[in-house]
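The values are calculated or read from the model by the stated rules, or taken from the named source; none is laboratory data. For clarity, every value in this text was computed on a predicted model and none was experimentally measured. As a convention, Cβ positions derive from the backbone with ideal geometry for all residues, glycine included, and neighbour counts pool all protein chains shown.
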Amino acid sequence: MSLLSSIISESPKPRHSFLLLLSSIAQSGLPLLRQLLSSKAISDNTGSSGCLLFCFSYPATDLLESFPSHPDFIQVHDCVSRIPEYDVHWPDPREIIFSAIRTAPPSRCLDVIIDCLDTLSSDIGSTTQTYKSLHEILALVQARPSPSRLILHGLQTCKLVPLLMQPAFSSSLGCLLARPTVLIMHLAREYLTPPPPASSDAKFWSIFLPVSERANDCERLVFGNGGDGSGSTTEFVVEVLVRGFQGSGKKRGVERTLEGWSSSEGGACKLTKLESLKTLWRKSEVMADSEHRSAPAVVQDVSFNLTLTASQRQSRARVPLPYSHDGKDTMNKTGNPSAVILYDPDSADDIDDDDPDEDLDI
């Protein structure tokens with residue numbers, strides 16, 4: 001199972017109690033959230049777990065469009081129409097979230113899903129207060145039976161994102177960043193750096209990370225004069241970032257990889273399965289094949305043989321080299337090689353031991 005599949009799928013013991021889904025203006029990550037809700041519905045057969053869905057930007061019908069009917073295990077709190085200063089009876093969203101978590105059955109596993117961070121922070125009116133509230137919510141979720149999770153969805157440009165990704169907020173982190181496929185094609189075309197395995201991991205990530213963090217450039221690739229016009233909802237690239245996981249064997253360190261998401265492939269898949277990147281792999285295969293064929297091309301179409309037989313190689317090895325120093329003078333008293341300067345005088349060299357300036361009256 002791929003890393004993306006293990007994070008999205010509702011396994012008995014998920015790795016992370018905190019999951020962060022990040023979208024951008026150029027590429028939406030809502031399909032990941034929909035698939036996560038769908039996977040939870042398939043795996044929830046015993047009724048031992050529940051889900052609290054708080055909608056601040058998208059209505060619940062958009063997130064639960066794959067369900068023929070409203071699932072019983074998902075408790076929806078639709079706050080889209082509740083706008084501060086426009087709703088007379090506008091309640092504080094923190095009160096709604098804390099009340100729903102505390103009234104949930106304490107013996108059940110619970111997934112708390114909030115969409116989205118930007119609107120929640122805007123409704124609260126303070127980034128600091130939003131961060132403190134999310135930290136308290138995570139503590140309540142982690143106090144419940146495992147596997148309980150806090151799942152947040154927002155934009156990559158949200159001011160809360162750098163704070164939430166720090167170990168001070170949660171030592172265990174699973175982060176999924178949706179990237180448009182046109183960004184991968186841009187790196188392969190302009191920087192000659194396709195994703196692994198077509199290029200090395202170190203080279204690719206050293207170029208991919210700084211370019212992907214420039215949101216304006218990514219938006220220009222999609223919406224510019226030569227862009228596609230919008231991010232694809234059927235397939236895109238997912239940057240998977242994980243740090244640690246829960247359980248008896250606690251793991252430290254950070255793991256980062258790229259995977260694909262395609263509706264035709266049923267969700268998570270390899271990058272080679274994405275239709276928009278097919279030409280990239282074909283070019284890589286053609287270049288690799290041409291390099292492989294160009295190696296023996298030097299010895300083709302010549303009138304003489306460039307290879308040696310075994311006896312010829314032995315005869316060549318027995319030929320003494322025309323050097324006056326055989327290496328014995330470079331050994332010191334301990335038998336180890338020492339730093340010396342070896343010089344073979346040429347026939348035209350005028351070597352005279354006498355002082356050339358002896359005729360000068362100094």
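A few notes on this one:
- Some residue of the stretch 123-133 being at pLDDT 85 or above, out of contact with any Asp or Glu (no Cβ under 8 Å at 6 or more places or on another chain), of a type in the set (Val, Ile, Thr) and more than 27 Å from Ser28 (Cβ to Cβ): yes
- If you go through the stretch 127-159 and keep only what is farther than 22 Å from Leu37 by Cβ and either of a type in the set (Asp, Glu) or in contact with a strand residue (DSSP E or B) (Cβ under 8 Å, 6 or more places away or on another chain) (or both), you end up with just Glu136.
- Looking at Asp228, Asp301, just one residue is acidic (Asp, Glu), within 24 Å of Leu32 (Cβ to Cβ), at pLDDT below 65 and part of a loop (DSSP other than H, G, I, E, B), and that residue is Asp228.
- Candidate set: the stretch 189-210, residues that are more than 20 Å from Ser276 (Cα to Cα) and hydrophobic (A, V, I, L, M, F, W, C); chosen: the one surrounded by the most Cβ atoms within 10 Å (Cβ to Cβ): Trp205
- Scan of the stretch 71-92 for residues that are of a type outside the set (S, T, N, Q) and under 20 Å from Thr61 (Cα atoms), ordered by number: Pro71, Asp72, Phe73, Ile74, Val76, His77, Asp78, Cys79, Val80, Arg82, Ile83
- Residue list for the stretch 270-292, restricted to those being among the β-branched types (Val, Ile, Thr) and at pLDDT below 75: Val286
- Every residue from the stretch 102-160 that is more than 22 Å from Asp78 (Cβ to Cβ) and among the small types (Gly, Ala, Ser): Ser107, Ser126, Ala139, Ala143, Ser146, Ser148
- Filtered residues of the stretch 102-124 (kept if out of contact with any Ser or Thr (no Cβ under 6 Å at 6 or more places or on another chain), closer than 18 Å to His153 by Cα and free of Cβ contacts under 8 Å to residues at least 60 places away in the same chain): Leu117, Ser122
- Being polar (S, T, N, Q), farther than 23 Å from Ser9 by Cβ, at pLDDT below 90 and part of a loop (DSSP other than H, G, I, E, B) holds for only one residue in Ser171, Ser199, and it is Ser199.
- Test set (1) over 31 Å from the mean Cα position of the chain (by Cα); (2) at pLDDT below 90; (3) of a type outside the set (Ser, Thr, Tyr) - Arg102 fails condition number: (2)
Okay, residues lined up against (1) touching a helix residue (DSSP H, G or I) at 6+ places or on another chain (Cβ under 6 Å); (2) among the hydroxyl-bearing types (Ser, Thr, Tyr):
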{"position": "Ile101", "(1), (2)": "yes, no"}
{"position": "Pro105", "(1), (2)": "no, no"}
{"position": "Leu110", "(1), (2)": "no, no"}
{"position": "Asp115", "(1), (2)": "no, no"}
{"position": "Asp118", "(1), (2)": "no, no"}
{"position": "Ser121", "(1), (2)": "yes, yes"}
{"position": "Gln129", "(1), (2)": "no, no"}
{"position": "His135", "(1), (2)": "no, no"}
{"position": "Ala139", "(1), (2)": "no, no"}
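- Selection within the stretch 94-117 - buried (at least 16 other Cβ atoms within 10 Å of the Cβ) and β-branched (Val, Ile, Thr): Ile97, Ile101, Val112, Ile113, Ile114
- In this entry, Ser66 is excluded by the filter for residues that are hydroxyl-bearing (Ser, Thr, Tyr) and at pLDDT 75 or above.
- Restricting Gly267, Gly253, Gly260 to those that are small (Gly, Ala, Ser), crowded, with 16+ Cβ neighbours inside 10 Å and at pLDDT below 90 reduces the list to Gly267.
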